[in-house]
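My questions will all concern the structure given below.
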Amino acid sequence: MSQEGGDLFDALVLGQRLRSARRRAGLTLGQLGALVGRPASYLSQVENGRREPRLTTVGDLAAALGCTVGELLDGSPPDRRSALELRVVRMQEDARYRALRLPAIRPSARTDDATLQHLVALFDRVVELTERLQQTPRVGTGARTANAAMREEMRGSSNYFPDIEAVASSAAAAVGSDAAVVSERVLGDLAAHFGFSIARVQDLPPSTRSISDLRGRVIYVSQRNDLPTRAARSVVAQTLGHFALGHRDPVDFEEYVRQRVEANYFAGALLAPERVALPLLERARADGELSAEDLRDVFYISYEMAAHRMTNLLTHHLSIPVHFLRSDPEGFLWKAYENDGVPLPADEDGTIEGQRLCRAWGARRAFESEDVFRIHFQHTETPAGRFWCMTNVETDGTTVDAVTLGTPAEHARHFRGHETTAEAVSTCPDPSCCSRPRPGLSRRWSGLAWASARDRSHFVSGLPTDAASFNPFPGVDLVDVYEFLDRHRAG
């Protein structure tokens, strides 16, 4: 939308009032355009709220229509119908509506008043239920709210944070590194730059990825037999990110989530520098060969970091909307990001962590492949449209997860594997898609089976139950951490 008029008026309301005044005057768009020296297409954009005219143009329009500038700039809709249309448009901008992952609706002359009233009333009910849920104390409510807010912020910026890109670039420059690949030596130099040394140990507590002794200025990571070199590089870079970005002990889960996201972003920007990664992506797009594999191999990083790095750069620089998922073999989501409208599963308050992906999605079909560790490409029809994705199954020796990067079908041609013939149809969240047993199975086994559920503590471990008991490092056993530091300080 043009910003010719600044923030002096609401473009949607102005458009409504202009249309109302034009119709009262009995003028067509072409006739009004001839009076003010503007094409009908321009005035149509103004009436639809897609263009903000200059104040001088508003004055010309008012004179041609026999009204005052104040009447056109009045902030209230001109009639009840206009108010309903405005409410439908505005409610779709609300995060609670966007969490429903519904197609956009643009009210038109063919949409009757009763339909608009129904839409508004239904959304008001969604808002009421959401607020009621937020007022009801639940374990993990803080985590749910924090994660949802962070995803919304990431989506709003296309998951691109220029300030962190600049910090990572400055850190590399501070130790004289201009190579495409950050070596072990450079990581050691960076640690020294921030006043730390790196030590590999055998007894790192299982609930931690690294431990930093702020008194002795040592960063402890696992030995190579426990933590592969690629993973160790990421852990060290993420840890350094906390210090480079000036993080302090988080006081609540929202700050904890933000710090984790920022540190992970710093690690990606450090290990796969924008100045090198972007030209690679631009050439790959031109050849229809965009692939997380190439970033993984060029920069010696994990597939997950490579895929996530692509979410940082593809939309902001190359205008390609994407989605990113990390899920387990049963389809449960650990991480997710989207700016392309893919219909992620969510509970009633918009939470996606711990939700189960549709069985038809590539993230789950990858585990059914003959070669599980070969990248799985797939096109999927969903209620929100057609999407393409590539999924890689990764293991760190203890867990196995699927990392998925996808995009709407119209952008798939830019990616390696877009020519795949693998197709699937998903109608989730319709229960008949995959969350209910087929009728034949139900008839054979209903009442004749008993299953004991496996604990899924990883989805709730470390989530705060109240502010007073907040652990600044959720999921980490502080007793283990402090005892570890005591042992190594004594040694």
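Coordinate-derived values only; no laboratory data. Bear in mind that the values here come from a model prediction, so they are computed numbers and not experimental data. All Cβ positions, glycine included, derive from the backbone under ideal geometry; neighbour counts span all protein chains shown.
Quick one: Cα centre-to-centre distance for the stretch 90-133 and the stretch 252-267, in angstrom?
32 Å
Further question: Which whole-number percentage describes the relative contact order of the chain, with Cα contacts under 8 Å and a sequence gap of 6 or more?
Once normalised by length, the contact order is 12 percent.
By how many degrees, between 0 and 90 and to the nearest 10, does the Cα long axis of helix 478-490 differ from the longest principal axis of the chain?
Once rounded, one gets 40 degrees.
Let me ask something else about it. Over the stretch 299-436, what is the relative contact order in percent, taking alpha-carbon pairs closer than 8 angstrom and at least six residues apart?
Rounded, it is 24 percent for the stretch 299-436.
Using θ = phi - 60° and the Karplus form 6.51 cos²θ - 1.76 cosθ + 1.60, what ³J(HN,Hα) does each residue of the stretch 181-196 get, whole Hz, x for Gly and Pro?
Here the 3J(HN,Hα) series is 10, 7, 7, 4, 4, 5, 4, x, 5, 5, 4, 5, 4, 8, x, 10 Hz.
Which FRET efficiency, nearest 0.05, do residue 90 and residue 486 yield, Cβ-Cβ r, R0 56 Å?
0.45
Roughly what % antiparallel, to the nearest 5, for the DSSP beta bridges in the chain?
Rounded to the nearest five, the antiparallel share is 75 percent.
Return one number: the angle in degrees, 0 to 90 and rounded to the nearest 10, between the long axis of the Cα atoms of helix 274-287 and the longest principal axis of the Cα atoms of the chain.
That helix lies at roughly 60 degrees to the long axis.
Among [x] 211; [y] 180; [z] 159, find the value of volume of the Cα convex hull per residue in Å³ that was calculated from the structure presented, and write down its label.
The listed entry that was calculated here is [x].
Per-residue ellipticity at 222 nm for the chain, helices alone: DSSP H runs ≥ 4 residues times -39500 (n - 2.57), over residue total, nearest 500 deg cm²/dmol?
-14000 deg cm²/dmol
Could you tell me which of 32, 175, 232 has its Cα farthest along the dipole of the chain towards the positive end, charges placed at Cβ (Lys, Arg +1; Asp, Glu -1), taken about the Cα centre?
Highest projection toward the positive end goes to 32.
Which of the peptides 71-77, 407-413 is most tightly packed, and how do the rest follow, going by the mean number of other Cβ atoms within 10 Å of each residue?
Ranked by mean Cβ neighbours within 10 Å, highest first: 407-413, 71-77.
Still on this structure: Rounded to the nearest 20 Debye, what is the dipole magnitude of the stretch 316-369 about its Cα centre when Lys and Arg each give +1 and Asp and Glu each give -1 at the C-beta?
280 debye
Report the charge-dipole magnitude of the stretch 11-78 in Debye, nearest 20, computed about the Cα centre from +1 at each Lys and Arg Cβ and -1 at each Asp and Glu Cβ.
Roughly 180 debye, rounded to the nearest 20.
Shifting gears a bit: With r as the distance between the Cβ atoms of residue 297 and residue 122 and R0 = 60 Å, compute the FRET efficiency 1/(1 + (r/R0)^6) and round to 0.05.
Approximately 0.75, to the nearest 0.05.
Placing unit charges on C-beta atoms (Lys and Arg positive, Asp and Glu negative, everything else neutral), compute the dipole magnitude of the chain about its Cα centre in debye, rounded to 20.
Dipole of the chain, to the nearest 20 debye: 1020 debye.
Distance between the C-alpha centers of the stretch 316-387 and the stretch 163-238? Whole Å please.
31 Å
A further question follows. Helix 80-91 against the longest principal axis of the chain: what's the angle in degrees, Cα atoms only, rounded to the nearest 10?
Helix 80-91 sits roughly 10 degrees off the main axis of the chain.
Out of the chymotrypsin sites (Phe, Trp or Tyr not before Pro) in the stretch 341-427, which ones are loop residues according to DSSP with at most 13 other C-beta atoms within 10 Å?
373
Relative to the present Cα-Cα distance, how much length would full extension add between residue 330 and residue 214 at 0.36 nm per residue of separation?
37.8 nm
Any idea which of 107, 192, 482 is furthest toward the positive side of the dipole for the chain, if Lys and Arg beta-carbons carry +1 and Asp and Glu beta-carbons -1?
The listed residue farthest towards the positive side: 107.
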